[in-house]
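The values are calculated or read from the model by the stated rules, or taken from the named source; none is laboratory data. Source: prediction; values computed, not measured. Every residue, glycine as well, gets a Cβ built from its backbone with ideal geometry; the counts of neighbours run over all protein chains shown.
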Amino acid sequence: MRKSTVQHLGTDGESSAKGRLCIEYLVDCFHTTLLNKATSIVGASIAEEVVQDTWLTLIESWNSINDTDSLGSWLHRVVFNKSLNRIKKDKRCVSLEWLTSHDGGYGREIENYFLTFNDEPEALLTLQQTLLKLEKQWSGLSTKQQQVCEMRLIHGYSYDHIAESLDVTISNSKVLLHRARVSMLEAIS
């Protein structure tokens, strides 16, 4: 982090030091998951840059953040938006590789849906509208459904690990994942 940027975390020395400690803690807690999320969207070669840009955005916005309880969600939203912006900037395709590499047939169905788009303005507008629908649908999922999706589909955790981490049964974690997948597919149907 640049020293001049870090100084924006507080007006006096004590709050600035506390701000730096909070940022360091957040980096320890979220860097890997943010990197995985960015990698799943933009690919490994650009993901680190997107995540670093996310941390800079956090530092720049530190004094205006009111709800510290939802910082994790805020960080995930920022990395998602920055990843999409990077795709638009570089005119890259969304990587749906992780969807097809996991169980169920959902990934192939979604991948086939997105493969029908081309670079025509009307198709790009439709794609953008679809991504907005998906984002809205994602926001409508329960927190546990979102967590199960991220843990299983992005990070590749076992159902045993997910069940233990979220304090649910293995069967319940599978049900949560299934319902989340069905809900996301409804958004593009």
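One residue stands out among those in region 153-165 that are touching a Ser or Thr at 6+ places or on another chain (Cβ under 8 Å) and at pLDDT 85 or above: the one that is farthest from residue 41 (Cα to Cα), which is 163.
Looking at residue 46, is it at pLDDT 75 or above and touching a Leu at 6+ places or on another chain (Cβ under 8 Å)? Answer is no for this residue.
When each of 140, 156 is tested for being small (Gly, Ala, Ser) and at positive phi, the lone residue that passes is 156.
Restricting the search to helices (runs of 4 or more DSSP H) fully inside region 56-142 and requiring at least 1 residues that are outside the structural domain of residue 181 (by TED's automatic domain parsing) and modelled with pLDDT of 55 or more gives 71-90.
Of all residues in region 143-189, those satisfying the criterion of being part of a helix (DSSP H, G or I) and polar (S, T, N, Q) are 143, 145, 146, 147, 165, 171, 172, 173, 183.
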